[in-house]
């Protein structure tokens, strides 16, 4: 059996909390990168894709488990990897040639040799003649080519790519994907394996020999499979579209092909450690949910998520939170990559604003624990106000500091829209809406 270049054994990432609980980002995971393959890592936002990449590349130390480079602990091994980032990350004060030479200069290579190698790789990626240009003079696509050249000039055994095409326009990204694939297939680049993090399912199916799909809360491998389609791959062919639909189904339906529950060294399932109480609120605005439902209604009440994202010119990662929010509230159902509007969702889409608020309020109280708790806490207090910190303290047992704040911001947005409560940003306190507060004071209403 072929020896892996990189092998992760039960690697995990978590952040300790003052209490006995901890925030688990990546659950214990086994994963290997073999020579001769392009591996694509897919997953929803917050599933830990970039965190996993950084652990495999040796940039971030796992909280638990081990990463091996040719079966040697990565911390003690002489690894040879490079990374292409989403943001280009070029030095604006250096020329194209100097940017590409930078990693060779850091390694102590002689000036003549590093210039020779850098010019050769610039020619390979189609930047011959731009050696003396500065990044500000280049288009986004050309700047990313410089990023590729800088990553390839060190002749990495594994090339890591973190959403390298997501900042580019559609045509430029398509062109660069094709060129990368051509360089790989023709063995023009001295790289033995490519590991690419992406949120674009078509991109993964187009490029990869193997696809890994992550789930979230915490991040874990849901499926890991080889792509047997021959190159060049026909986007409109039935095998290609069937594979894209399958991946959409895995991403949008947690009940499809669930991975075996990861187990810690203690033998206890990871979810027992996290003591999950709150569902993660998708960061979507009520207006976005309403807009999606209206579009679906115009489409007959049902649509394929992949085609819908394409028609709306949305990145799928931008559409997922809106779909997830509508599904959480009971306005949508997601089955096998298709979204269909529910009767309640139809009523919401067809209603005037006041009725929409009423339906949203009913759905929120029925389906969102955090909103129920905020509302009941306000009704139970004699002054009908509660400080923000009360809910932050509860949420930060489960989420990171940043995510805790984002969860509360989403809850505030939804609660205000539904007229469940108001929020005083100056005092950082929740309070009942004025009319409801007066009614509650008059009736002496308390928590049920």
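The values are calculated or read from the model by the stated rules, or taken from the named source; none is laboratory data. What you are looking at is a predicted structure, and each value in this text was computed from that prediction instead of being measured. Cβ sites come from the backbone with ideal geometry, for glycine too, and all protein chains shown count toward neighbours.
Among what's in region 333-367 and is under 23 Å from the mean Cα position of the chain (by Cα) and either free of Cβ contacts under 8 Å to residues at least 40 places away in the same chain or assigned by TED's automatic domain parsing to the domain that holds residue 201 (or both), pick the residue that is surrounded by the most Cβ atoms within 10 Å (Cβ to Cβ).
338
Kindly list the number of the only condition in (1) surrounded by 16 or more Cβ atoms within 10 Å (Cβ to Cβ); (2) in contact with a helix residue (DSSP H, G or I) (Cβ under 8 Å, 6 or more places away or on another chain) that fails for residue 94.
So residue 94 meets the others, but not (1).
If you go through region 225-239 one residue at a time, do you hit one that is touching a residue at least 40 places away in the same chain (Cβ under 8 Å), assigned to a helix (DSSP H, G or I) and in the same structural domain as residue 52 (by TED's automatic domain parsing)?
No, region 225-239 has no match at all.
Can you tell me which residue is surrounded by the most Cβ atoms within 10 Å (Cβ to Cβ) among those in region 108-134 that are at pLDDT below 85 and closer than 10 Å to residue 146 by Cβ?
Per the stated criteria, the residue is 125.
Go through region 368-380 and give me each residue that's surrounded by 15 or more Cβ atoms within 10 Å (Cβ to Cβ) and under 32 Å from the mean Cα position of the chain (by Cα).
Once the filter is applied, which keeps residues that are surrounded by 15 or more Cβ atoms within 10 Å (Cβ to Cβ) and under 32 Å from the mean Cα position of the chain (by Cα), region 368-380 yields 368, 370, 371, 373, 374, 375.
One residue is enough: does region 99-122 have a residue meeting the conditions under 19 Å from residue 191 (Cβ atoms) and touching a residue at least 60 places away in the same chain (Cβ under 8 Å)?
No, that holds for no residue.
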